[in-house]
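Here's the structure, in structure tokens; my notes come after.
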Amino acid sequence: MIAHIQGKLVEKTPTEVVIECNGVGYEIHISLHTYTQIPESENVKLYTFLQVKEDSHSLFGFADKKERELFKLLISVSGIGANTARTMLSSLNPEQIIQAIASNDVGTVQSIKGIGLKTAQRVILDLKDKVLKIYAIEEISGGSYNTNKEEALSALEVLGYIRKNAEKVLEKIITNSPTATVEDLIKQALKVL
């Protein structure tokens with residue numbers, strides 16, 4: 001119904017913005033990812049999604065169309081509401097979520113606050129084919145991405161590091177250099193751990 005809103009940025013918090021457009025202030029719920037993308041200028045444009053419920057109308061805003069489309073995919077999954085989808089997009093950036101779904105990475109999806117094992121599996125089961133098709137990702141590339149991480153994680157565990165800590169460090173390294181080899185991942189992780 002409302003595809004985007006462009007206007008003067010009146011308020012900005014990590015979870016909401018108020019954009020004034022022709023004298024009307026629109027309260028728009030945003031993710032942390034969008035928060036970091038919003039420029040500090042007065043004039044902003046957000047792509048929006050209007051959720052209409054019995055007791056409320058909520059407007060969700062996104063820095064780009066890709067994030068909005070991912071949000072729509074996430075809320076199509078049973079058990080994922082708009083606030084949970086927003087939390088997911090605040091915990092991981094859209095690329096990380098897309099990559100996790102495409103590569104069957106249940107651990108990454110489950111690492112998001114409020115997402116249990118069954119919900120993480122349902123997200124991957126319901127969205128994997130759609131994500132591969134929409135974002136034109138090769139399934140194999142997702143698998144090798146995950147394999148490098150898993151091999152590095154296993155090696156770090158053997159060296160005596162706690163899995164959860166090692167996983168967080170590896171996530172950061174992979175985000176910064178997605179093409180890192182297993183050896184690179186281990187070397188960089190050892191510097192941090």
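The values are calculated or read from the model by the stated rules, or taken from the named source; none is laboratory data. The structure displayed is predicted, hence computed values, not measured ones. Every residue, glycine as well, gets a Cβ built from its backbone with ideal geometry; the counts of neighbours run over all protein chains shown. SASA here: full protein model, heavy atoms, side chains in, ligands and nucleic acids out. Shrake-Rupley method; radii C 1.70, N 1.55, O 1.52, S 1.80 Å.
Would a scan of the range 97-107 turn up a residue that is assigned to a helix (DSSP H, G or I), in contact with an Asp or Glu (Cβ under 9 Å, 6 or more places away or on another chain), open to solvent by 50 Å² or more (accessible area, probe 1.4 Å) and modelled with pLDDT under 90?
Within the range 97-107, none of the residues are assigned to a helix (DSSP H, G or I), in contact with an Asp or Glu (Cβ under 9 Å, 6 or more places away or on another chain), open to solvent by 50 Å² or more (accessible area, probe 1.4 Å) and modelled with pLDDT under 90.
Lys72: charged (D, E, K, R) and in contact (Cβ under 8 Å) with a residue 12 or more places away in the chain, yes or no?
It is true that Lys72 is charged (D, E, K, R) and in contact (Cβ under 8 Å) with a residue 12 or more places away in the chain.
Please list, ordered by first then second residue, the pairs with beta carbon atoms under 8 Å, 6 or more apart or interchain, first in the range 19-35 and touching a residue at least 60 places away in the same chain (Cβ under 8 Å), second open to solvent by 40 Å² or more (accessible area, probe 1.4 Å) and in a loop (DSSP other than H, G, I, E, B).
His33/Asn93
For Ile137, work out the one condition from (1) open to solvent by 80 Å² or more (accessible area, probe 1.4 Å); (2) modelled with pLDDT under 85 it doesn't fulfil.
The one condition Ile137 does not meet is (1).
Restricting the search to the range 148-166, which residues are open to solvent by 80 Å² or more (accessible area, probe 1.4 Å) and more than 27 Å from the chain's Cα centre (by Cα)?
Val158, Leu159 - these are the residues of the range 148-166 that are open to solvent by 80 Å² or more (accessible area, probe 1.4 Å) and more than 27 Å from the chain's Cα centre (by Cα).
Just checking, how many residues over the range 173-193 are charged (D, E, K, R) and surrounded by fewer than 13 Cβ atoms within 10 Å (Cβ to Cβ)?
Looking only at the range 173-193, we keep the residues that are charged (D, E, K, R), and these are 183-184, 187, 191.
Then keep just the ones that are surrounded by fewer than 13 Cβ atoms within 10 Å (Cβ to Cβ); that gives 183, 191.
Result for the range 173-193: 2.
Name every residue in the range 60-84 that is more than 15 Å from Ile5 (Cα to Cα) and either of a type in the set (Gly, Ala, Ser) or surrounded by fewer than 16 Cβ atoms within 10 Å (Cβ to Cβ) (or both), in order of residue number.
Residues satisfying the conditions are Lys66, Lys72, Ser76, Ser78, Gly79, Gly81, Ala82, Asn83.
So in the range 29-44, with the set limited to residues that are outside any helix (DSSP H, G or I) and touching a helix residue (DSSP H, G or I) at 6+ places or on another chain (Cβ under 9 Å), which one is most open to solvent (accessible area, probe 1.4 Å)?
His29
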